[in-house]
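Below is one structure, written out as structure tokens, with a few remarks after it.
The values are calculated or read from the model by the stated rules, or taken from the named source; none is laboratory data. Computed from a predicted model, the values in this text were never measured in an experiment. Positions of Cβ are backbone-derived with ideal geometry, glycine not excepted, and every protein chain shown enters the neighbour counts.
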Amino acid sequence: MYSPLYFDYNATTPCAIEVVEAMLPHFHHDFGNASSNHPYGWLAKSAVEEATLQIAKTLGVPANSLIYTSGSTESINMVLKGVSIKMRAKGNHIITSKVEHKAVLDSCAFLEDEGFEVTYLDVDSKGLIHLGQFKNALRPDTILISILYANNETGVIQPLGEIAKLAQANGTLLFSDTTQALGKIRLDKVLGLVDFACFSGHKVYGPKGIGLVYIKNNDDYDVLPSFIQGGGQQKGQRGGTINTPGIVGIAKAIQLVYVKLEEERLRIQALRDQLEEGLLVIEMSVSNNNNTPLRLPNTVNVSFEYVDGANLLSGLSKYIAVSNGSACNSALEEPSHVLMAMGVERSLAYASLRLSIGRYTTQDDIEKAIKIVTLEVSKQRENNILWERR
């Protein structure tokens, strides 16, 4: 069976064979419940503790700062709703940006319905928040700031250093969705800046259904209230049977991506630049992220004038797996909210492609992708009378 080229690594990644092999014993042989008080449970608990120590060592954080979830969407809900509930006595104001992942925006909408006030920061044409506007938005009753570190659609990296300084001076907690950055760039400094962060296993060649919340000051296990009640697992911060295979899997995946992190970053960045340059040769193509000083090494976002975006994606789908934004928005017919917030014209936002590359992308894949997209854009324009009259 013919398999299209895969250029959607920001949506999900294939689970590495080494990760699958590490997980397999915990499905059948070492299948115990980590909360059970017998040898099967002890073995599972030991596997979880070992995996947690491995993740902590790799990321350079304390082991007790990590709480396991089902993925970044749950992690985001846990932090935003948990902090808001706990800090409500201090204030009810939250700051975020217009280019956040939908999990953040939808959680903020929920909190608005609960009586919280949310300020949504604008971004410039590069996708960066205005630090002046951010500073002006801070108030004595601002209890939480949620700023995406690396954008999942454009790869743009926000200036968290400056944001953290202002947040700390205001006495406000800072949360950053770091899901897309993990495994692509180092996060040591970032995790030292923020109070909360989140990760998802399936973005780093690990299994789906497992994620993490990082809590900077979690010594007393009272920073966040219990998000899911039932059983008191994970010191009462997230109840429910612990996903031992998933935890072992995400630990192995994170360990593997850090082995050659810098070497792989340079390789992927070179491929990204080659892909971007090839696509921008196409007449009246526009990059939505190459004018940004800091961005992920694997993400290309390009728009094509005089092209219907839906037809373009449909035509490409036989040959190459790409998207026009976040996978979480794939059912929506609206253009990317990220590109719209950046001031991209609506017609161009509709006609945009996000191509994200990863571990198994080769130079041959890049060359093929450039040819496929070039031909399909040309084909789409042949049927557009506006293209003929341009």
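Structure summary
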{"read-out": "Failed criterion for residue 205 (all others in (1) among the aromatic types (Phe, Trp, Tyr); (2) more than 25 Å from residue 147 (Cβ to Cβ); (3) at pLDDT below 95 hold)", "value": "(3)"}
{"read-out": "Flag for residue 8 being within 28 Å of residue 147 (Cα to Cα), free of Cβ contacts under 8 Å to residues at least 40 places away in the same chain and either within 17 Å of the chain's Cα centre (by Cα) or outside the structural domain of residue 299 (by TED's automatic domain parsing) (or both)", "value": "no"}
{"read-out": "Any pair with Cβ under 6 angstrom, 6 or more apart, that starts in segment 365-388 at a residue that is within 30 Å of residue 270 (Cα to Cα) and modelled with pLDDT under 95 and ends at one that is aliphatic (A, V, I, L, M) and in a loop (DSSP other than H, G, I, E, B)", "value": "380/307"}
{"read-out": "Residue list for segment 142-159, restricted to those being more than 17 Å from residue 7 (Cα to Cα) and either of a type in the set (Val, Ile, Thr) or in contact with a helix residue (DSSP H, G or I) (Cβ under 8 Å, 6 or more places away or on another chain) (or both)", "value": "142, 143, 144, 145, 146, 147, 148, 149, 156, 157, 159"}
{"read-out": "Unique match (being in contact with a Cys (Cβ under 8 Å, 6 or more places away or on another chain), of a type in the set (A, V, I, L, M, F, W, C) and part of a helix (DSSP H, G or I)) among 48, 83, 79", "value": "79"}
{"read-out": "Residue in segment 13-24 that is at positive phi and either part of a helix (DSSP H, G or I) or modelled with pLDDT of 90 or more (or both) present", "value": "no"}
{"read-out": "Yes/no for residue 129 being modelled with pLDDT of 95 or more and under 28 Å from residue 256 (Cα atoms)", "value": "no"}
{"read-out": "Matching entry among 109, 89 (being hydrophobic (A, V, I, L, M, F, W, C), in a loop (DSSP other than H, G, I, E, B), exposed (fewer than 14 other Cβ atoms within 10 Å of the Cβ) and in the same structural domain as residue 246 (by TED's automatic domain parsing))", "value": "89"}
{"read-out": "Filter result for residue 58 (of a type in the set (Val, Ile, Thr), in contact with a strand residue (DSSP E or B) (Cβ under 8 Å, 6 or more places away or on another chain), assigned to a helix (DSSP H, G or I) and under 30 Å from residue 152 (Cβ atoms))", "value": "no"}
{"read-out": "Residue in segment 113-126 that is in contact (Cβ under 8 Å) with a residue 12 or more places away in the chain, part of a helix (DSSP H, G or I) and touching a helix residue (DSSP H, G or I) at 6+ places or on another chain (Cβ under 9 Å) present", "value": "no"}
{"read-out": "Helices (runs of 4 or more DSSP H) wholly inside segment 230-342 that include at least 2 residues being modelled with pLDDT of 90 or more and touching a Gly at 6+ places or on another chain (Cβ under 8 Å)", "value": "244-259, 261-280, 337-341"}
